[in-house]
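K.L.:
After the structure tokens below, expect a handful of questions from me.
The values are calculated or read from the model by the stated rules, or taken from the named source; none is laboratory data. As the structure is a computational prediction, the values presented were derived from the model and not from experiment. We place every Cβ from the backbone using ideal geometry, glycine too, and count neighbours over all the protein chains shown. For the accessible areas, the whole protein counts, side chains as well, though only heavy atoms, and no ligand, DNA or RNA atoms are used. Shrake-Rupley method; radii C 1.70, N 1.55, O 1.52, S 1.80 Å.
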Amino acid sequence: MKLYNTLTGTKDLLRPLEPGKVCMYVCGVTVYDYCHIGHARSALVFDVLRRYLEYKGLTVEFVKNFTDVDDKIIKRAREEGLTCEAIAAKYIAAYHRDMARLGIRPAWKEPKATEHMADIVGLVATLLEKGVAYRIDGDVYFSVEAYPSYGRLSKRRLEDLLMGARVEVNERKKHPMDFVLWKSSKPGEPQWDSPWGSGRPGWHIECSAMAMRHLGPTLDIHGGGMDLIFPHHENEIAQSCAATEQEFARMWVHNGFVQINQEKMSKSVGNFFTIREIFEKCEQYGWKDLVTAEVLRYFLLATHYKGPLDFSDSGLFDAKRALDNFYDLFLRLEEQCATQEAGDRAVAAAIERFHGGFDHAMDDDLNTPVALAELQRFRTEVNRGIETGLSKDVSVQAREAYHRVGRIVGLFDVPTREWQFTKNVSQTLPVEARQGIMADIAPAEIEGLLAERREARRKKNFKRADDIRQALLQQGITIEDRPDGTSRWKR
């Protein structure tokens, strides 16, 4: 398997330090608010990566932390009149509920920063002993100039980082880019004892201490969102490598942003949707939680994890319609009673190609869009086989092929009959768009419109063809274009 390694800027072969086992650390959430769709994307990317590695026969020791001491948590605690511990507990519980609804499996270990103060203090002490950190009263800072390789992950030179960089204003620091390892205590803030006085850790040192405590000095994979490359992951590398004199992580894997109308989603901007809000919205469409989870997963996986993803209602509906087609196929496989088996050989060959094509896509930097295209191609081939006749054995083999990949990507786990209750277009459109959907349009009128649409497509008048599709959709009629050029419609 190859993964894009941010450190090298190339797709590198995954070569675990210990054969048969992958040690993977992913930066988790700071628990001061509910999770949004950006968190869902990151969680899903590494959930699927973990599942795929396990499918390939590897043991995955997967650690994902909680940052439960932070300026934002302190601020939220003051706003809500609660302790920092109560705020952290509230949003950790909410995180677990959201991940369970999405079908995200818990990590092997999910450490909290506050449970690792001894590890953090010990790591800071090591950096002071090695002369790469220094004290200013009760604060401790890492000296970026003492680590010559600083900037190698983000591909930035130290002198260039000063231009336009957001750095802590502190004239006492040796260099403006020096970052805090330990903060002296302030009245009313959480604090722990240390050789430098009471205080609390900086954000970056927490992850290094937790990762090394549970996975050792060198990780196979370190992951997180692209927004963490600088400064968080850059600083993790500097302090970890300086402390151990070993490479901290052999591979750095980063997922792209979620955008709303081409603008990065951000809590500070206010253009974000929480996972809870998305599930609540989908309940209005008549989708149960299991359906919403699969729709969200399909939607998120349809874009490569490294690229930006534009979140929209229309994207969710497209994902739902794609899944409707798969569940239609599963129903046909369950109900078909072929008297002939003319399609068996072709579908058996398609199953073998499908397994190989899916694995090849996933081995190529977790290319889930291509993997989903393989699922669609296989659906077309199985539908053709059903038309010519499939035996029960081959039908079962085809369904099991979908189950196999479903266990990896987290799809196709809803009972087929249950999915049918949420399949109707009238239940997948917003309430304001439902008006007139259930109108009694005659089959002859539908066929006439389809004939007009075929002629429009033949003349390459694709706008007219799309207009007809949308007009039928508003009447509750969906169209499935088939490989032979014909179309099939259904209410």
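K.L.:
For the stretch 188-243, what are the residues that are aromatic (Phe, Trp, Tyr), surrounded by fewer than 19 Cβ atoms within 10 Å (Cβ to Cβ) and part of a loop (DSSP other than H, G, I, E, B)?
P.N.:
Hits for the stretch 188-243: nothing passes.
K.L.:
Quickly run through the stretch 293-322 and pick out the residues that are modelled with pLDDT under 95 and in a helix (DSSP H, G or I).
P.N.:
ASP313, SER314, GLY315, LEU316, PHE317, ASP318, ALA319, LYS320, ARG321, ALA322
K.L.:
Right, next: Given the residues ALA371, ALA350, ALA398, ALA361, which is the only one that is closer than 19 Å to ARG417 by Cβ, surrounded by 15 or more Cβ atoms within 10 Å (Cβ to Cβ) and at pLDDT 95 or above?
P.N.:
ALA398
K.L.:
Using the structure shown, decide if ALA242 is touching a residue at least 12 places away in the same chain (Cβ under 8 Å), touching a Leu at 6+ places or on another chain (Cβ under 8 Å) and not aromatic (Phe, Trp, Tyr).
P.N.:
Spelling it out, ALA242 is indeed touching a residue at least 12 places away in the same chain (Cβ under 8 Å), touching a Leu at 6+ places or on another chain (Cβ under 8 Å) and not aromatic (Phe, Trp, Tyr).
K.L.:
Hey, another quick one. Can you pull out the residues in the stretch 474-491 that are open to solvent by less than 70 Å² (accessible area, probe 1.4 Å) and either in contact with a strand residue (DSSP E or B) (Cβ under 8 Å, 6 or more places away or on another chain) or over 26 Å from ARG384 (Cα atoms) (or both)?
P.N.:
Matches in the stretch 474-491: GLN475, ILE477, THR478, ILE479, GLU480, ASP481, SER487, TRP489, LYS490.
K.L.:
What residue, among those in the stretch 61-76 that are farther than 28 Å from CYS23 by Cβ and of a type outside the set (A, V, I, L, M, F, W, C), is surrounded by the most Cβ atoms within 10 Å (Cβ to Cβ)?
P.N.:
If we take residues in the stretch 61-76 being farther than 28 Å from CYS23 by Cβ and of a type outside the set (A, V, I, L, M, F, W, C), then ARG76 is surrounded by the most Cβ atoms within 10 Å (Cβ to Cβ).
K.L.:
Might you check whether a residue that is in contact with a Ser or Thr (Cβ under 7 Å, 6 or more places away or on another chain) and buried (at least 18 other Cβ atoms within 10 Å of the Cβ) occurs anywhere in the stretch 5-16?
P.N.:
No, the stretch 5-16 contains no residue that is in contact with a Ser or Thr (Cβ under 7 Å, 6 or more places away or on another chain) and buried (at least 18 other Cβ atoms within 10 Å of the Cβ).
K.L.:
Among the numbered conditions (1) over 25 Å from LEU14 (Cβ atoms); (2) of a type in the set (A, V, I, L, M); (3) surrounded by fewer than 20 Cβ atoms within 10 Å (Cβ to Cβ), tell me where ALA88 comes up short.
P.N.:
Result: ALA88 passes all but (3).
K.L.:
Among the numbered criteria (1) surrounded by 13 or more Cβ atoms within 10 Å (Cβ to Cβ); (2) at pLDDT 90 or above; (3) within 25 Å of GLU341 (Cβ to Cβ), which single criterion is violated by GLY410?
P.N.:
The number of the failed condition is (3).
K.L.:
Among (1) open to solvent by less than 10 Å² (accessible area, probe 1.4 Å); (2) assigned to a loop (DSSP other than H, G, I, E, B); (3) at positive phi, which single condition is LYS155 missing?
P.N.:
So LYS155 meets the others, but not (1).
K.L.:
Another question about this same structure. Being among the basic types (Lys, Arg) and assigned to a loop (DSSP other than H, G, I, E, B) is the filter; apply it to the stretch 164-187 and report the residue that is modelled with the lowest pLDDT.
P.N.:
ARG166
K.L.:
Continuing with this model, one more query. Go through the stretch 274-292 and give me each residue that's within 28 Å of HIS254 (Cβ to Cβ) and either assigned to a helix (DSSP H, G or I) or over 15 Å from the mean Cα position of the chain (by Cα) (or both).
P.N.:
Hits for the stretch 274-292 are ILE275, ARG276, GLU277, ILE278, PHE279, THR292.
K.L.:
Also, I was wondering about something else. Here's a check for you: in the stretch 33-57, which residue that is open to solvent by 40 Å² or more (accessible area, probe 1.4 Å) and in contact with a strand residue (DSSP E or B) (Cβ under 9 Å, 6 or more places away or on another chain) is modelled with the highest pLDDT?
P.N.:
Checked the stretch 33-57; the qualifying residue modelled with the highest pLDDT is GLU54.
K.L.:
Inside the stretch 1-110, counting only helices (runs of 4 or more DSSP H) that do not spill past its ends, which hold 1 or more residues that are within 30 Å of GLY188 (Cβ to Cβ), among the β-branched types (Val, Ile, Thr) and touching a helix residue (DSSP H, G or I) at 6+ places or on another chain (Cβ under 7 Å)?
P.N.:
Hits in the stretch 1-110: 71-80, 84-102.
K.L.:
To continue, here is another question. Hey, can you tell me all the residues within the stretch 313-347 that are farther than 23 Å from VAL414 by Cβ and open to solvent by 40 Å² or more (accessible area, probe 1.4 Å)?
P.N.:
Of everything in the stretch 313-347, those that are farther than 23 Å from VAL414 by Cβ and open to solvent by 40 Å² or more (accessible area, probe 1.4 Å) turn out to be CYS337, ALA338, THR339, GLN340, GLU341, ALA342, ARG345, ALA346.
K.L.:
Moving on. For the subset of the stretch 357-375 comprising residues that are closer than 20 Å to LYS320 by Cβ and in contact (Cβ under 8 Å) with a residue 24 or more places away in the chain, which member is farthest from the chain's Cα centre (by Cα)?
P.N.:
LEU375
K.L.:
Still on this structure: What are the residues in the stretch 96-118 that are touching a residue at least 40 places away in the same chain (Cβ under 8 Å) and under 13 Å from HIS214 (Cα atoms), if any?
P.N.:
Correct list: ALA107, TRP108, LYS109, GLU110, PRO111, LYS112, ALA113, HIS116.
K.L.:
So, in the stretch 244-262, exactly how many residues are modelled with pLDDT of 95 or more and either buried (at least 19 other Cβ atoms within 10 Å of the Cβ) or of a type in the set (Lys, Arg) (or both)?
P.N.:
Number satisfying all stated conditions: 9.
K.L.:
Which condition breaks for GLU79 when tested against (1) among the charged types (D, E, K, R); (2) open to solvent by 20 Å² or more (accessible area, probe 1.4 Å); (3) under 20 Å from TRP182 (Cβ atoms); (4) out of contact with any Phe, Trp or Tyr (no Cβ under 6 Å at 6 or more places or on another chain)?
P.N.:
Among (1) among the charged types (D, E, K, R); (2) open to solvent by 20 Å² or more (accessible area, probe 1.4 Å); (3) under 20 Å from TRP182 (Cβ atoms); (4) out of contact with any Phe, Trp or Tyr (no Cβ under 6 Å at 6 or more places or on another chain), the lone unmet condition for GLU79 is (3).
K.L.:
Moving to a separate point now. Among GLY356, GLY436, which is exposed (fewer than 14 other Cβ atoms within 10 Å of the Cβ), outside any strand (DSSP E or B) and modelled with pLDDT under 95?
P.N.:
Result of the check over GLY356, GLY436: GLY436.
K.L.:
Separate question: Among TYR147, TYR141, which is of a type outside the set (Asp, Glu), crowded, with 18+ Cβ neighbours inside 10 Å, closer than 23 Å to PHE230 by Cα and out of contact with any helix residue (DSSP H, G or I) (no Cβ under 9 Å at 6 or more places or on another chain)?
P.N.:
Testing whether each residue is of a type outside the set (Asp, Glu), crowded, with 18+ Cβ neighbours inside 10 Å, closer than 23 Å to PHE230 by Cα and out of contact with any helix residue (DSSP H, G or I) (no Cβ under 9 Å at 6 or more places or on another chain) leaves just TYR141.
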